[in-house]
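Data block below; observations after.
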Amino acid sequence: MKLYLAPGACSLAPHIALHEAGLPFDTEGVDLRETPHRTEGGADYTMINPKGYVPALEFDHGDVLTECAAILQFIADQAPEMRLAPPNGTLERYRLQEWLNFISAELHKGFGPMWDPSARDDMREAAWARISRRLDWIAPQLAERDYLMGDFSVADAYLYTILNWTHYHKLPLDKWPALQDFMARMAARPAVQQALREEGLLQ
């Protein structure tokens, strides 16, 4: 498998998950600043993923899977012994999907104005206010347990990736000690450290 990624982007979540699963894979960077986006090898990325954004997971037979939540679940299902996701068909699996959808729709997309150079300051402030309300809801749950599902799951890799953007945008998490503790627990995981090093985000 090959994971197409951009350093620090949402593709960091499946990058972490692949290491947690212990699966063999390659990576190829995508320059999202260029139009059209180019891979490290010089290919037009839209020929691989017509949606134009990362992540994308390419298989040896040529098929490509996109969308972070789908890729994370696929990875987890390739290594069931690692228990990165509950078994399919169980209520707990739907709880995982509930978390993945929430992170995608309410947090990931909520950061959109932060990345938009044309966004006004008031738009960014309004976006952070909306995100903060979501964090107000998550924080008490992580005060009661180490990870979103109790034990580590691929949802935690996704949440860590999105919350990591607060450092880049200098948005404080001081209001939520439970989230700070969660980020510290995640940062201590070997798979997280390995993915960060490979993306040039950790020395």
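The values are calculated or read from the model by the stated rules, or taken from the named source; none is laboratory data. The model shown is predicted, which means the values in this text are computed figures rather than measured ones. Positions of Cβ are generated from backbone atoms using ideal geometry, with glycine treated the same way; all protein chains shown enter the neighbour counts. All accessible areas refer to the heavy atoms of the entire protein, side chains included, with ligands and DNA or RNA removed. Shrake-Rupley method; radii C 1.70, N 1.55, O 1.52, S 1.80 Å.
Check each of the GluC sites (Glu not before Pro) in the stretch 17-63 and keep only those in coil by DSSP with at most 12 other C-beta atoms within 10 angstrom; list them in order.
Loop-located and lightly packed - Glu34, Glu40.
Just to confirm, what accessible area per residue do you get for the stretch 66-151 at 1.4 Å probe, in whole Å²?
Per residue, the stretch 66-151 has 56 Å² of solvent-accessible surface.
Highest mean first, how do 101-113, 165-177 rank when packing is the count of other Cβ atoms within 10 Å averaged over residues?
In descending order of packing, they fall as 101-113, 165-177.
What value, in deg cm²/dmol to 500, does the helix sum -39500 (n - 2.57) over DSSP H runs of n ≥ 4 give at 222 nm once divided by the residues of the chain?
Value at 222 nm, helices only, nearest 500: -14500 deg cm²/dmol.
Under the 0.36 nm per residue contour assumption, what length would be gained going from the current alpha-carbon distance of Asp63 and Arg130 to full extension?
Extra length available between Asp63 and Arg130 comes to 20.5 nm.
Quick one: check the C-alpha center-to-center distance for the stretch 130-170 versus the stretch 1-59, whole angstrom.
The stretch 130-170 and the stretch 1-59 have Cα centres separated by 23 Å.
Using the reciprocal of the averaged 1/r over all distinct C-alpha pairs, how large is the Kirkwood radius of the chain in Å?
Roughly 17.5 Å, rounded to one decimal.
Accessible area of the stretch 1-65 with a 1.4 Å probe: how many percent of it is carbon plus sulfur? If you can, show how the numbers build up before the last one.
On the way: 1530 of 3050 Å².
Carbon with sulfur: 50 percent of the solvent-accessible area.
Set Lys and Arg Cβ to +1 and Asp and Glu Cβ to -1, take the dipole of the chain about its Cα centre, and tell me which of Val64, His167, Tyr45 lies farthest positive.
Of the listed residues, the answer is His167.
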